[in-house]
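Since every read-out is calculated from the coordinates, none of them should be taken as a lab result. Remember, predicted model here, so these are calculated numbers, not experimental data. Quick reminder, even Gly has a Cβ in these numbers, built from the backbone with ideal geometry, and neighbours come from all protein chains shown.
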């Protein structure tokens, strides 16, 4: 109970510091002096957010059910690790996480920007504080994590067992470091625009923040997919669900921004576009938060919805948009006479083409996600937009996209001698042949698959060759692009070569299909801390002699009353085998699904590789200019 | 003659097996395209609800009756409305849905092209 | 003039988007399939509960009469609550109540009827739930008011007194 009080008043203090910071910032802006008090107050604001957050964590650990949030989302029998993770697994707690990242990032920004112009630092702080204060008010007024319940209930309502998983526990913090971290890019861009400071040195300065945000966002999305693979559905990892799309959209904008900032570092072009992208990334994050928390969409992942909260975020989001529009149109002066030359066969052109395609992909995801809302409001028709839509619009465009990724970085050298570029053509032919061999036994979409796989193999070869020949301008780009080719290849080959057997079996029965025999040996039943467990023991025999023992599990939880299915997945470098069982109502047999999924692990490893490229870029010192 | 008969039998069994596999693929393709009405954002393929299970049996029946994928999807759309289809139809409700991204792509290309020509001069 | 056009049109566009999102939040977003009013009832053949005979829908439904098709199961809790109202409706001579036993076992269903009474002229036995799909139903309980081989009204969820009164008025 005490912790709730401390937590609540810490929030109030944090809000007060926000207002104080605005006051001091305005005062100091005029005389361009950076009062050290500003840094101290920023630190104190962060400090009180941490206190508040810790109070909530402690309340969860102690199962303090006088706190309404703890009551709604926890249970005494939950294991300790998940009690802690339950802190941010709910609406109110996750907003505390938002505040944590928002205040942390501005603090680090101020510390690391000692050499930047004072007015720029102050203005960035002001814009970030607008966002922070908005969230404080949102939290305190509509989503207070420290509401009292009286009388204190004996037991909590428990957390959804599907959410009791290690990957899901760390997914929000990592994701938010990226997703919410893009706020600093937003604030900084607005500040720089107002002061006409969008320059090459600003680009170098903000690039580090873009990389940090991008790396965490990439890893955060990866964790979400890994969790979905192990917990939800039957071996799928991406469903084009609104909540997934909502994290993908800022990622697409941020990746585009990352490419642009590399240009802006060297040449003063694309300035307007960089500003627009910087604003859009965080705007998309806010828009995503609105879509997920307002109840306007329904999905497996959405938080409990509440129109009052939705309205607040909506007004907040559009206020930020209008502020950004005003600053952009009022302050941004586009210097028309650009002395820098611009050959069309250059690195800049390939980045512009990259932007072109990325914005297209972004528009596909954005339109697919919000169109049903628009249609419903405007004409009361309800439709669904699912994976087929996204696949049909994205996959054909991946082909030129992959080819450009391979050739693009080399474009400025094409002017020079063409002789040793023959390898470009040779590798292309090899890629096409290889792809043809792979695809010829599977006749679905034969032509499309062949061309697609050959483009991916081509990128794979080019980046690999460049790596070993040390013929790259930028090792981080080489690694990330290589990672991307592995990602696309893994997904395509996985799609092509996955097999599945679905059957109903009683204990002791077996099922044979092609070269695989599934034997349902027996079941074990156990009583665990908060669920009853039924484990099915299976032996899988392949015609080439391989024998595997697998034990999928069914968990029957008491609080709340649900049954979850825990797949047994055996992972090797070559493929995953995946098996789940399900109860069938009123029957004494189980429904069994057995899948063989090649190259699954490469999907995860390739994304790690992509973010690793970003990490290398972050750690590099800028030697060349 | 015997060899001919034997090879015909083997061919039939093989095609049947292939047909079964094809039917299974077709069933999966269709059920992945149908949305579960009583779940939150799951396809019939992914869902284990009673409704989804009944729908899967129905899809099996329709495949055995020899209906094509398009006909089966149309059957369910007739019963439950367009919302049950994950692949949106292309009709007056969805022209903007399908065409707007492509339009954006073309406009983006036009803008870039214009800018490049201008700079090149 | 061109300078002012772009910002103002953007502001205008965003205001429209704001309004649409605002309205979108207000509406309830659970999807309920439209009751295809005045649509013909499906033609199907089904197994009768008691006699195990397979009959065609035309044998169950006569175009001259009013029918209420009620989809129910013994494992469905709201079905128990609406059952007494069905018993009342069954007494009305102007309408026949037809049952569709959904994904149930004969034993449990029979026990259910023994305990709470049997208002049904006929019961269709839908073990795998496919007959209910023919009707465009997706859960229990659901009821369809039928006349002239057409669906006049569809009720999702358990019936209540108000609905029964309305039905009785309509079938006079």
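Of the peptides C:63-72, A:178-187, the ranking by mean beta-carbon count within 10 Å, highest at the top, reads A:178-187, C:63-72. Relative protection proxy for A:396-402, B:34-40, from highest mean packing down: B:34-40, A:396-402 (other beta-carbon atoms within 10 angstrom). Where the centre of each part is set by its Cα atoms, how far does the stretch A:378-392 sit from the stretch A:448-488, in angstrom? Answer, in whole Å: 33. Overall, the anisotropy analysis places chain A in the oblate class: the square-rooted eigenvalues a ≥ b ≥ c of its C-alpha gyration tensor yield a/c not less than 1.5, with a/b not exceeding b/c. Look at the alpha carbon pairs under 8 Å that are at least 6 residues apart: their mean separation over the length of the stretch A:1-164 gives a relative contact order of 36 percent. Approximating the spin labels as points 7 Å out from Cα along Cα→Cβ, the residue C:51-to-residue A:511 distance works out to 3.8 nm. For the stretch A:1-164, take every pair of Cα atoms, bin their distances at 10 Å starting from 0, and report each bin as a whole percent. P(r) for the stretch A:1-164, in whole percents per bin: 11, 37, 26, 16, 8, 1. Ranked by the mean number of other Cβ atoms within 10 Å of their residues, highest first, the peptides B:69-76, A:225-232, A:67-74, A:78-85 come out as A:67-74, A:225-232, A:78-85, B:69-76.
Simple spin-label estimate for residue C:150 and residue A:584 gives 4.1 nm between the two label positions (7 Å along the Cα-to-Cβ direction from each Cα). For the residues of B:26-36, the average number of beta carbons from a partner chain within 10 Å of their own beta carbon is 2.
Peptide A:365-377 shows a mean partner chain C-beta count of 5 within 10 Å per residue C-beta.
How high is the relative contact order of chain A, given as a whole-number percent (alpha carbon pairs under 8 Å, six or more residues apart)? Across chain A, relative contact order equals 11 percent. Kindly identify the stretch A:489-543 as rounded, prolate or oblate by the Cα gyration tensor criterion: order the square roots of the eigenvalues as a ≥ b ≥ c, call it rounded if a/c is under 1.5, otherwise compare a/b with b/c, prolate if a/b is larger, else oblate. Here the stretch A:489-543 falls in the oblate category. Note on the stretch C:73-90 and the stretch A:55-95: Cα centroid distance 41 Å, given to the nearest whole angstrom. Once the chain from residue C:80 to residue C:170 is taken as fully extended at 0.36 nm per residue, the excess over their C-alpha distance is 29.9 nm.
Sort the stretch A:117-227 into rounded, prolate or oblate with this rule: let a ≥ b ≥ c be the square roots of the eigenvalues of the Cα gyration tensor; rounded if a/c is under 1.5, and if a/c is not under 1.5, prolate when a/b is larger than b/c, oblate otherwise. Could you put the intermediate results ahead of the total?
Values: a/c = 5.20, a/b = 1.64, b/c = 3.18.
Oblate, since a/c reaches 1.5 and b/c is not below a/b.
Beta-bridge orientation, chain C: approximately 60 percent antiparallel, per DSSP, counting only bridges with both partners inside. Springs between Cα atoms under 10 Å define the GNM used for chain C, and in it the highest mean-square fluctuation of C:42, C:158, C:33 occurs at C:33. For the stretch C:62-172, the relative contact order is 36 percent, taking Cα pairs closer than 8 Å that sit 6 or more residues apart in sequence and dividing their mean separation by the residue count.
Using 0.36 nm per residue and subtracting the Cα-Cα separation, the extra length available between residue A:548 and residue A:140 on full extension is 141.4 nm.
Counts of other chain beta carbons within 10 angstrom of each beta carbon in peptide A:385-393 average 5. Here each label is just a point 7 Å from Cα along the line to Cβ, and for residue A:84 and residue B:67 those points are 5.4 nm apart. Between the C-alpha center of the stretch B:61-121 and that of the stretch C:105-152 there is a gap of 39 Å.
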